[in-house]
Amino acid sequence: MKLLVLLFLFGCGLFVVQPSVSAMDIPEAKTDENPNMVAGRKALEVKDFKSAVGHFTKAVEADPKNADAHNMLGYSYRKQGTFDKSMEHYQRALKLDSNHRGAHEYLGELYLEINQVENADKQLAALKKACPWFGKCDEYDDLKKALDDYRAKKK
C-alpha cells in the first residue's frame, strides 16, 4: 500500500526526490582531456592553424584512437590548405567512429573545396543517418548550407 501511495504522489508531481548534498555540490565529472586538445582548440579560436596542427598532432600521438583529435587535426590541416593530410585525418576519424558527425561535416566541406560535390553529398547523406533527431543536427545543417552555397555560386 505504501508503494501505491508513493507512486500516486510521484505521478501527480506531489512527491519530489531531493538529490543528496554531494550530488548538488560537485559538478558532473568530465573525462580528462589531453592538454594538447585544449591548447589546439584555443589556437583554432584565434585562427592559429599552424600551432593547432602542432597541438593536435601531439594529441593524436598520445592517443591514436581519439577520433576527435584526428578530426580537429584534419580541420587544422584543411584551414592551412594541406588537403591531403586533412583528408587522411578525417578518414582516420571516421574509421575510428563511423558516425562522427564533425568528421562527416568537415570531410564534406573539404570535398567542396576540391570540387568533389558528389562526395560532399555522400557525407551529407551519412550525416542524415548519424544525426539523432530525424537527420537534423548542426553538422547536417552546416554542410547542407555549404552545399547550397556552393551550388548557388556554380550557377
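The values are calculated or read from the model by the stated rules, or taken from the named source; none is laboratory data. Just so you know, these numbers come straight off a predicted model, no measurement behind them. Just so you know, the surface numbers come from the protein's heavy atoms only, side chains and all, with ligands and any DNA or RNA stripped out. Shrake-Rupley method; radii C 1.70, N 1.55, O 1.52, S 1.80 Å.
Summed over the residues of the range 49-139 and divided among them, the accessible surface reaches 52 Å² per residue at a probe radius of 1.4 Å. Ligands, DNA and RNA excluded, the heavy atoms of V46 present near 110 Å² of accessible surface to a 1.4 Å solvent probe.
So for F56, F83, F134, F49, what's the accessible-area order with a 1.4 Å probe, most first?
Putting F56, F83, F134, F49 in descending order of accessible area: F134, F83, F49, F56.
A convex hull fitted to the Cα coordinates of the range 91-135 yields 56 cubic angstrom per residue.
Strictly over 28 Å apart at the Cα level, which of K47/K153; K42/K129; K85/K145 would you flag in this model? Display every interim value, and only then the final one.
On the way: K47/K153 26 Å; K42/K129 31 Å; K85/K145 25 Å.
Among K47/K153; K42/K129; K85/K145, the Cα-Cα distance tops 28 Å for K42/K129.
By accessible area, using a 1.4 Å probe on protein heavy atoms only, the range 108-148 has 53% of its surface on carbon and sulfur. Each 5 Å bin from zero holds the following percent of Cα-Cα pairs in the range 45-145: 3, 16, 24, 24, 19, 11, 4, 0.
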